[in-house]
Structures are given as structure tokens and as C-alpha cells.
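Student: Structure below; questions to follow.
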Amino acid sequence: MAHRTTLEEEHPAKAPRAAKTPGALGTARVAGNEDRERVFDAFRRWGYLEATLDPLGFLQPQKRPELDGLAGEAADEARRIYCGKVGADFMHLPEPERGRWIAERMETPAGEVDQKKILERLIRADLFEQVLQARYLGTKRFSLEGVTALIPLLDSILDTAGEHGAASSIVAMSHRGRLNVMVHAACKAPHEVVAGFEDVDPRSVLGAGDVKYHVGATGTYVTSTGKEIGIHLVSNPSHLEAVDPVAMGRARAKQTRAGVDGSQIDRSRATLNTVVPIVMHGDAAFAGQGIWAETLNLSDLEAYTVGGTIHIIVNNLIGFTTRPTQEHSSRFASDIAKRQSVPIFHVNAEDPDAVVRIGRIAAEYRATFGGEVVVDIIGYRRHGHSEVDDPTITQPRLYERIKNHPPLWKIYAEHIGVDAAQIAEKIRGEYEEEQTQARAVKKIPQLRKLPEYWAPYYHGCYKPEYEVDTGLTREKLAEITDGLVRVPQGFHVHPKIVKLLQQRAGMGHGKRAVDYGFAEALAFGSLLLEGTPVRLTGQDSQRGTFNQRHAALVDSETEEEYLPLAHLAPNQGFCEIYNSSLSEAGCLGFEYGFSRDYPEALVLWEAQFGDFANGAQVIIDQFISAGEDKWNLPAGLVMLLPHGYEGQGPEHSSARMERFMQLAAEDNMQICQPSTAAQYFHMLRRQARRPWRKPLIVFTPKSMLRHPDASSNIEEFTGPRFLPIVPDREARDAKRILIASGKVGHELRAERRRRKDTSTAILLLDQLYPLARNEISAAIAEHAVARDIVWVQEEPANMGALSYVLPRLERVAKSLGLRVRSVKRSASASPATGSAKAHELEQKTLLALAFTTTSSD
Ligand SMILES: Cc1ncc(C[n+]2csc(CCOP(=O)(O)OP(=O)(O)O)c2C)c(N)n1
């Protein structure tokens, strides 16, 4: 039988999840008050289920046996408070003081609200949409109508946040009501926003730019007491919820800027309250999207906390054509937030006074406890998913009801006894005038601008003048080394780490070759001493997945942590190196966001193995790769992706290099695979010291981390620079030139030694994008008698850098009169074999072929 739901049957008897902390809140325990308290506690716990939350009445109150039969003065009062137009769902909070605080707020009579102002805002929110509807029929704008109380809700949150010290707010949201928010919260001039509908200058955005309901906006909101709050509406892709971690990372960066003093960061409540993150969600997306669940889990972690985000679910009880019974296995879309200490306030969107009150409580809660809070504002969607969509096909009864339902401002005007017709006409006139102005606009206005801390940096296409030298003197390297191997008095160092520190001391003083782990520490240490902050996060990144980093030393008796990099000198840059939660999309999105607002810092995210980065594909595709092209927004984030075929199976080998190569265009990113420790050092320093800010994708080694062939002599750290291609000065009279990147290049060199081959040159391509054609030409031209060029990669033919590199190498080779062939594994659906022995066989064959393939094959 087909699944059928009648409207009234929706959410039949889905039991809410059991609360985590049963028991009374313990407020006002005066003798004789116990009964009253018991009654109140029952309503505090279950009342939200009986609240009247849906203006159209589809989401029926759910009767609870615990509240059945409770009568008397206390029960009446508690019912009025907890089962009205607000459903406060907070008894799952494990901290009793938070619960008490909320109960007290709920049980104290609501303060005055400015009803005239609320009415005006509701009219504005509605008529802004209507003027657009009248003028741009058949154009998508994702109207807010049905949940216009969002605008007074934002007013209330911002006004309250202002009282608690907010100087700016990072605001993220999807399509629904975005243009409305741009005008009424980010306070952009309506004609600038409306100009997006005119599409006046298509040539300026050929192949680039984004649709109007995705672009960001910066503006200034003035609170009811005249305080200015900078609003940063974050640009976002269509991918719902993908912006959540980005907004959080941006907020963290801005809070860090507000609290930083040299190497120290003040994260007091007062500092965190200066930047307030507000994230708006659709109900279907909130319940369904994993990236949001990952982001929520970051909220109370030291590495990520922003002192609480205020979440608003703009809940129209529908997702495109899908009703809630098909969207979430819970009564409310918001229930996922209950897994953490997050209060949820459901509020009927047609009680604007209650909405405003809840906005105030939510913002106060965040300012007081530094925790996440959810406001689930429940209304409806007046039109189809977009305005060109006919919703009567899928929800005929719902839309019949909506058709006859007056706009909120009319209901509210009547409720407060005001004749709003004149105000409405005046406001309509204003927006029509703005619309006329929009038609005169010749060029689509920039709704946002980069903050001033971006002024020293460039983006766009690469220019050689951006290059800088990255070498350091031996003395400087020795000085950094001494700082890196120093531990505080009384700190108990693990015996293995004692040895490691001794070896590192030897490396930095030129007594033994420097490996990758220490090369990285030298790069970070040097940058920190130059004042560049360093922030690195990833799974197990403090120690390093391959036991290579040891950035945080652990006291073997107390488990206390010590970061030598954070204690090099009093006036150094701040250093944050954290183990991340086990998330890719959430954590990578966060660091992208952080890098967007901290161009002075070297910001790195590390995958456990590069292959896992595709869990964050949406962040890679939508932000890192395309962010500059769509929104003209630069970022200097570094992604570290362990790579290399070492017999560890299909998910621990490839890092999906082909995906990054395919995304590369218009100098949107850099893709590197440094072949030696010194190359890694120069590449990291270049990324921070060069004024050009671009994402940097790095394929990092695994087995080569400590391999002598990839280690570097200390002299190589003295300079001058990173080489995009490492030439071969060993092979004389080479007839064949092998070009490879990463570990396989070293294996080819070892194979050459084994074969005592003197007729093969091996070039290591350390920068795959942008491809340095001149340097490649020059490195090839050093081998004048060579006839063949062979690209060698470990990946199958349909993967790796081959599709990108080969045609470009062919062009270079052609100009030199040479031919290019390639050696690779056969095309395969899976990146690598699961058998270590099969891997060995394959690898042997690959190396042999590289030395035997000829142009006549
Ligand atoms: C990740 C992702 N999947 C699918 C879509 C296509 N899509 C656009 S809007 C929408 C429904 C969203 O519903 P909801 O979150 O409730 O927001 P509303 O539009 O109702 O405000 C869908 C499925 C998308 N934009 N992003």
C-alpha cells in the first residue's frame, strides 16, 4: 500500500528521546512549595510537547500522561508558561544551573516589547518580498513569507547581543529569506540587493560569479540603543549546511583577532561575546545534513569553540516538496541538537511577541553560558519552494489553507489594535522606489568588501614578483632548533622522545640529515619567530599519524602537554596545534573559514590519510576550489594529504590526486608534493611569506618521512627557495628522462642505482599546479641527448596527475623535439590493491617498465 499521510495524522506518536537528566531543577525549595515544584518540573520537562507551535495547526500538540490530570493554580500557571506558543525543550541539559536559568527566564513575566516596531518590521519583511514578486514574476528569490517573524527575531538577538558587548556578527544562512535578511539585518540598501534581479552586466561574470541568493554581504546593524554591530553574511553554495563550519571558523578567527596579544589569546567570555555567530537553517537540512552534525560536535572543543552559536531553524515544516514525516525520524527537526547540552526553543512564528522574547533569552543564554542555543521558529511557506514552483501539485490541502491565510503583519496589527494600512502603503512606496532605482543601476553593486587585514595580500593570477626567498642562516636554524628541543624544568619526557629530541638537536646543528618531521618544525618555528601565527588541526595531528610530528610533548607522569613551538620567544606569533574531532567536512570547513579571516597566519588542515579528504568534498569543491571564482574571496589554507602507494590498500594510498588536478584552473590553488624535507620547509615558508594568498594542496609522505633519500642536509635549508621541479645533476648523457612526483621518484632513483643505470635522468615534479613550464623546460634541456620523456606515476591510468600533466608535458616536449610516454598502473575502479604482496609485484613491474619502455613500444 502506498504510504499516505493525512495532514492531521502527521507526527502521530513519535516518542521524544528520553531526557538525560531526570529530576527536579531544585528552584525555590521553600517548605510547602514541593508540590508546586513537582508540578512545574513536569511542565518544564514535557510541556513543550503540548505547546501550540504550528500556526496552521498541522503539527498537533502531543498529549503527555505526565501532565494529564494536573490541575490547580500551579498547574494552570505552568501550563500557560510551558504549553503556550513557546515550547522550551531544555531539561536534557546536564548542567543544573543552565536549566535553572532557563526556567527562571521562562517563569518570569515577559518584559515589554516594542509592538509598533515589531509591526513595522513585519510589514517591511512582507512587502519587500511582494514588491519583488510583482516586478520579477517568474524569478527565484526564495521568499521569507510565512516566517517573516525572523526579522524581529534577528532584531531581538542583535539588540541583546549588543547589550552584551557584540561588535560584530557572523551570519550564515541558506536561500530562504536571504535577500530579506540582507536588507533588514545586514542593512544593505534595498536597491543594491534588488539590482541582482536586473542582471545588468552579464559579460563581467562570464563563467564566474554566483546567483544572488548565495553571495555574502557586509553591513552595519544599529541596535535599538544605537550600538553598531558589523554584520558579515557569509557567502555560501547551494549545498545546504556546508557553510556552517565555515561560519564557525570565521567567527573563531575574528574572536582570535579580538583577543590576541603576541603569542597569547584571551578567550574570556567578554572577548568571545564581541563576535556573535548566528546560523540559520532550513528544517529539512537541519535534520538531514551530516556536515551540520559534525559542526555541532565542535562547539565545546577547545580547538574550535566560539563561545556558542545562536542557531535559528527557519522552520516552514516542508523541504521543497517533502513533508516532515519523510524528513526526520524525530518529532522535531531540531532533535539532533539534544545530543548535546543545547537548549531548544520552539516558537510559533505567528506570535511575534513570543518570538522576540525568545530571541532575547537565546542571546542572553549564549552571552551568559557561552553555549549553543537553538530557536526553532515554526511557520509555513507561502509560495512553492521557489516562486516558480507550484506547490499545489504535492500539497493541495496545505496550500489551500495557506491561500486563505492572511500575512502575519495583518494578524498582528489586528492583535495589537493598530490600523496598519497607511504604514503599509508608505513602506510599499519606499520599496517600489528602491526597485526603480535598481533598474537604473549600471553595474551590479558589490554587497560586501574584504576586511582591511586583507589589504597587504594579493589574489587573482600568479605573478613572479610575489616570490620571496625562504632560506635561513645556519645560526638562525640552530637557534630555532634549541628552542624546539627545550622542555620546562621538571617535565617528564618519554624516553623515546628524549632520543627524538637529541636527534633533532643533531639535525638542526648540521650533525645529521634533517627529516620531514623536523623540517616542518623548523618551518613553523621560523615563521612563529617572524610573528606569523601557525594553526594546524587534523586527526591525531599533535603526535602525527605516522609518529613523525610530536608537536605536543606529553609529560609521562602527569599527561600534561607542552608545545615547544608555542614557547620559542615571548613576542612570537601564536601557535595552535590540535587533534581534531573525527570529522573531515566539518573540520576542513572550519579551517577554511579560519583562513578566510586570518590571512597573516599559516593555517593547515591535515587528513589522517589523504584518501579521507573526500569526506569533505563539498568543502573542497564549493569553497576551496571555487570560492575565489564565485565570490572573489581569497583564502590561504593548506591541506596536508598523506599520499603514496605502500600496500596499505584502496583507502590508504592515492589521496585522490586526480580530483585536485581536475579542479585546478585560473590559478585557483597550488598543488605540491615536496620530494624532500628541505623542499617541504621552503614550500611552507613560501606559503606564509609570499603576499599571494591561495589554497595550497600538499601531498605529504608516509614511508618517506624518515627515509634517508628524502631527508635533507642542513645546508639545503639556507636557500634560496622552493623548486617546482628538482633537476637531476647525477645523470650524464641521459637518453631517457623520467618525470615523477613524490615517493615513486625516489624509488626510481633507487632502482637506477640498483641497475647501475647511467643513461636515465629522473626529475622530481614537486609542484603539479601551477605547472612551472619554463623550469620544466630548463630541467629537461639540461639533458641534451635525451630522446624520450616518460611520465611515471603509481596511480592507475584513470587517476593521479596523468590526465593533467601528460598533455602539458607533451607541449613542452614538442617544443624541444621530444616524445612523451607514460608508465602507470592499468585503469582501475578502485585506487589500489588490498594485498600487500600484489602491491609489491605491481610496484616492481612499474619500476621495471619505467626503465624499459621506449618510444618504439
Ligand atoms: C546538500 C543539498 N542537497 C540538496 C539540495 C537541493 N535542495 C535545495 S532546497 C531543498 C529543500 C530545503 O528544505 P529546508 O531545509 O526545509 O529549507 P526551506 O527551503 O524549506 O527553507 C533541497 C533539497 C541542496 N541545495 N543541498
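Student: How high is the relative contact order of the chain? Use alpha-carbon pairs under 8 Å, at least six apart in sequence, and give a whole percent.
Tutor: 11 percent
Student: Please report, in debye to the nearest 20, how large the charge dipole of region 315-365 is about its Cα centre when each Lys and Arg carries +1 at its beta carbon and each Asp and Glu carries -1 there.
Tutor: Charge dipole, region 315-365, about its Cα centre: 220 debye, nearest 20.
Student: How would you order 537-548, 609-620, 228-239 from highest to lowest mean count of nearby Cβ atoms within 10 Å?
Tutor: The densest-packed peptide leads the list: 609-620, 228-239, 537-548.
Student: Among 779, 815, 805, which residue has its Cα positioned farthest towards the positive end of the charge dipole of region 779-857, with +1 placed on the Cβ of Lys and Arg, -1 on the Cβ of Asp and Glu, and the dipole taken about the Cα centre?
Tutor: Towards the positive end, the residue furthest out is 815.
Student: Output the peptides 515-526, 829-840 sorted from most to least packed, where packing is the average of other Cβ atoms within 10 Å over each peptide's residues.
Tutor: The packing order, highest mean first, is 515-526, 829-840.
Student: Here is a further query. Once you order the gyration tensor axes a ≥ b ≥ c over the Cα atoms, which shape class does region 582-656 get: rounded for a/c under 1.5, otherwise prolate or oblate by comparing a/b with b/c?
Tutor: Verdict is prolate for region 582-656.
Student: All other residues with a Cβ under 9 Å from the Cβ of residue 554 taken together, and with Lys, Arg as +1 and Asp, Glu as -1, what is their net charge?
Tutor: -3
Student: In region 524-608, with Lys and Arg counted as +1 and Asp and Glu as -1 at Cβ, which of these residues, 574, 607, 542, has the Cα nearest the positive end of the dipole, that is, farthest along it?
Tutor: In region 524-608, that residue is 607.
Student: Continuing with this model, one more query. Which net charge results when you count Lys and Arg as +1 and Asp and Glu as -1 among the other residues whose beta-carbon is under 13 Å from that of residue 221?
Tutor: Spelling it out: positives minus negatives among the neighbours equals 0.
Student: By the gyration tensor of its Cα atoms, with a ≥ b ≥ c the square roots of the eigenvalues, what is the shape of region 818-857: rounded for a/c under 1.5, prolate for a/b over b/c, or oblate?
Tutor: Here region 818-857 falls in the oblate category.
Student: On a full-extension model of 0.36 nm per residue, what is the gain between residue 339 and residue 414, subtracting their alpha-carbon distance, rounded to one decimal in nm?
Tutor: Length gained, residue 339 through residue 414: 23.0 nm.
Student: From the helices alone, meaning DSSP H stretches of at least four residues, give me the mean residue ellipticity at 222 nm for the chain, per-run term -39500 (n - 2.57), in deg cm²/dmol to the nearest 500.
Tutor: Value at 222 nm, helices only, nearest 500: -11000 deg cm²/dmol.
Student: Shape of the chain from its Cα gyration tensor (a ≥ b ≥ c, root eigenvalues): rounded if a/c is under 1.5, otherwise prolate when a/b > b/c, or oblate?
Tutor: Prolate.
Student: Quote the accessible area belonging to residue 261 in square angstrom, nearest 10, computed with a 1.4 Å probe and with ligands, DNA and RNA left uncounted.
Tutor: In the full protein context, residue 261 sits at about 120 Å².
Student: Follow-up. Could you give the size of the charge dipole of the chain about its Cα centre, using +1 on the Cβ of each K and R and -1 on the Cβ of each D and E, expressed in debye and rounded to the nearest 20?
Tutor: Charge dipole, the chain, about its Cα centre: 2500 debye, nearest 20.
Student: Out of the DSSP beta bridges found with both residues in the chain, what percent are antiparallel (nearest 5)?
Tutor: 25 percent
Student: With a cap of 15 neighbouring Cβ atoms within 10 Å, and only residues DSSP puts in a loop, list the chymotrypsin sites (Phe, Trp or Tyr not before Pro) found in region 254-359.
Tutor: The qualifying sites are 320.
Student: Sticking with this one: Using Cα pairs under 8 angstrom and six or more residues apart, how large is the relative contact order of region 306-369, in percent?
Tutor: 38 percent
Student: Something else now. Just to verify a number: what accessible area does residue 461 come out at with the full protein assembly present, 1.4 Å probe, Å² rounded to tens?
Tutor: Its heavy atoms expose roughly 80 Å² to the probe.
Student: Choose one of 516, 305, 175: the residue whose Cα lies farthest towards the positive end of the charge dipole of the chain (beta-carbon charges +1 Lys, Arg; -1 Asp, Glu; about the Cα centre).
Tutor: 516
Student: If you count only protein heavy atoms with a 1.4 Å probe, what accessible area per residue comes out for the chain, rounded to a whole Å²?
Tutor: 39 Å²
The values are calculated or read from the model by the stated rules, or taken from the named source; none is laboratory data. Owing to the predicted nature of the structure, the values given are computational and were not obtained by experimental measurement. Methodologically, a virtual Cβ is constructed for each residue, glycine included, from the backbone with ideal geometry; neighbour enumeration extends over all protein chains shown. Note: areas computed on protein heavy atoms with side chains; ligands, DNA, RNA excluded. Shrake-Rupley method; radii C 1.70, N 1.55, O 1.52, S 1.80 Å.
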